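First up is the structure itself, then whatever we jot down about it.
The values are calculated or read from the model by the stated rules, or taken from the named source; none is laboratory data. For clarity, every value in this text was computed on a predicted model and none was experimentally measured. Note that each Cβ is placed from the backbone with ideal geometry, even for glycine, and that neighbours are counted across all protein chains shown. Side chains included, ligands, DNA and RNA excluded: accessible areas come from the protein's heavy atoms. Shrake-Rupley method; radii C 1.70, N 1.55, O 1.52, S 1.80 Å.
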Amino acid sequence: MTQEKCSEVVKDAIIDLYGTLPDNRDLILVFNGRFKGYNANVHYNSKYVEFRLSKAWKEHSTSLIQGLIQSLAIKVYNTSYQRTLQIDLYNNFINNLPKYTKIDEYDEELSASFNRVNNKYFDDLMDKVNLKWGSRAYRKLGHYEYTTNTVVISEIFKGEELLLDYIMFHELLHKKHGLKKTKNGRNIHHSKDFRKDEKRFEDKNIEKKLNWFVQKKKFKSLFGF
Ligand SMILES: [Zn+2]
């Protein structure tokens with residue numbers, strides 16, 4: 001796609017979403033070779049809004065790319081918008097993506113946890129995912145990345161079997177339930193069904209244990225012992 005074609009594609013996507021251009025900032029679309037899988041993000045200031053997409057997106061239809069751009073645009077503009085066909089197309093694509101991603105991240109401890117959780121809560125029916133330790137985070141304890149089919153878990157859970165399994169369970173529920181949207185296209189991360197499903201975790205005091213553990217770890221890291 002040429003630079004001109006790129007900004008046309010973005011402009012059309014934004015107009016479909018809002019009915020008009022919300023402001024006159026420059027709209028930029030770039031394909032970045034350093035992004036993994038189907039990752040993308042948006043950077044903006046008072047002069048421009050720049051959509052950065054991994055090179056993998058280049059091979060896909062303009063409508064699909066526009067659905068992604070619209071999903072990112074919702075984070076930038078504070079204007080009411082309408083649900084579009086492109087966003088539906090994009091959601092569908094993302095929800096099916098894990099079936100096609102490569103599994104190339106592996107870790108023994110995380111794998112053991114995945115297997116325990118898969119066996120106990122998913123009848124071994126959960127397909128393999130990439131498994132990765134994240135940084136020593138106390139707030140974002142874990143997340144599931146739809147675009148790369150990866151569960152990332154904070155390093156603070158190394159050696160903590162029960163808590164690790166709980167975080168693993170939670171993240172795999174994200175894979176199971178998929179990305180849901182409200183009527184107007186906003187992400188629902190923890191739907192009612194999700195929360196109900198989460199209650200299947202065996203240890204009913206797990207949330208308390210988790211909070212206590214995280215507080216303790218945080219305290220220790222603050223005071224350096
Ligand atoms: Zn979650």
- line: Sorting TRP57, TRP133 on solvent-accessible surface, 1.4 Å probe, most exposed first, gives TRP133, TRP57
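Report the FRET efficiency, 1/(1 + (r/R0)^6), for ARG116 and ARG136, where r is their Cβ-Cβ distance and R0 is 35 Å, rounded to 0.05. If you can, show how the numbers build up before the last one.
Numbers: r = 23 Å, r/R0 = 0.66.
My answer for the efficiency is 0.90.
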- prompt: Of all DSSP beta bridges in the range 3-98, what percent run antiparallel (nearest 5)?
  reply: 40 percent
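Going down the table (LYS140/LYS208; LYS140/LYS209; LYS99/LYS196), which pairs top 20 Å between alpha carbons?
Working: LYS140/LYS208 17 Å; LYS140/LYS209 17 Å; LYS99/LYS196 25 Å.
Where the Cα-Cα span goes over 20 Å, the pairs concerned are LYS99/LYS196.
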query: Residue separation times 0.36 nm, minus the C-alpha to C-alpha distance between THR182 and LYS47: what's the value?
result: 45.6 nm
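With a cut-off of 8 Å between alpha carbons and a minimum separation of six or more residues, what is the relative contact order of the chain in percent? The partial results should precede the final answer.
Values: 294 pairs, mean separation 31.5, N = 225.
Computed value for the chain: 14 percent relative contact order.
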- prompt: Against the longest alpha carbon principal axis of the chain, how many degrees, from 0 to 90 and to the nearest 10, is the axis of helix 3-18 turned?
  reply: 80 degrees
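So what's the projected area for the chain, the Cα convex hull averaged over all directions, in nm²?
Convex hull of Cα atoms, orientation-averaged projection: 14.4 nm².
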field: Residue among SER113, SER191, SER46 with the largest mean-square fluctuation in a Gaussian network model of the chain, springs linking Cα atoms under 10 Å
entry: SER46
field: the chain: most fluctuating residue of LYS36, LYS204, LYS180 per GNM, C-alpha cutoff 10 Å
entry: LYS204
- request: Please give the solvent-accessible surface of ASP165 in Å², to the nearest 10, using a probe radius of 1.4 Å with every protein chain present.
  value: 20 Å²
- line: Most fluctuating of ASN187, ASN92, ASN45 in the GNM of the chain (C-alpha, under 10 Å) is ASN45
message: Which residues among the range 9-34 fall inside the zone where the amide N is under 18 Å from a point 7 Å beyond the Cα of SER61, along Cα→Cβ?
response: 9-10, 12-14, 16-17
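Taking a quarter of the surface of the Cα convex hull of the range 54-142, what do you get in nm²? Intermediate results must be reported in sequence, preceding the final value.
Numbers: hull surface 34.8 nm².
Projected area, direction-averaged: 8.7 nm².
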task: Starting from the amide H of PHE35, placed 1.01 Å from N in the peptide plane, find each other amide H under 5 Å away whose residue is 5 or more places distant or on another chain.
output: LYS55
query: Can you work out ³J(HN,Hα) from phi for every residue in the range 76-84, in order, using Karplus 6.51 cos²θ - 1.76 cosθ + 1.60 and θ = phi - 60°, giving whole Hz and x for Gly and Pro?
result: 9, 9, 9, 10, 6, 9, 10, 5, 10
message: For a Förster distance of 25 Å, can you work out the FRET efficiency between the beta-carbons of GLU4 and LEU97, rounded to the nearest 0.05?
response: 0.25
message: Can you work out the Karplus-derived ³J(HN,Hα) for every residue in the range 205-218? Use 6.51 cos²θ - 1.76 cosθ + 1.60 with θ = phi - 60°, whole Hz, and x for glycine or proline.
response: 9, 4, 4, 4, 4, 5, 4, 4, 4, 5, 4, 4, 4, 5
- request: Quick one: accessible surface of LYS47, probe radius 1.4 Å, all protein chains present, in square angstrom to the nearest 10.
  value: 150 Å²
- request: Report ³J(HN,Hα) in whole Hz for each residue of the range 165-177, in order, from the Karplus equation J = 6.51 cos²θ - 1.76 cosθ + 1.60 where θ = phi - 60°; Gly and Pro get x.
  value: 5, 5, 5, 4, 4, 4, 5, 5, 5, 4, 5, 5, 7
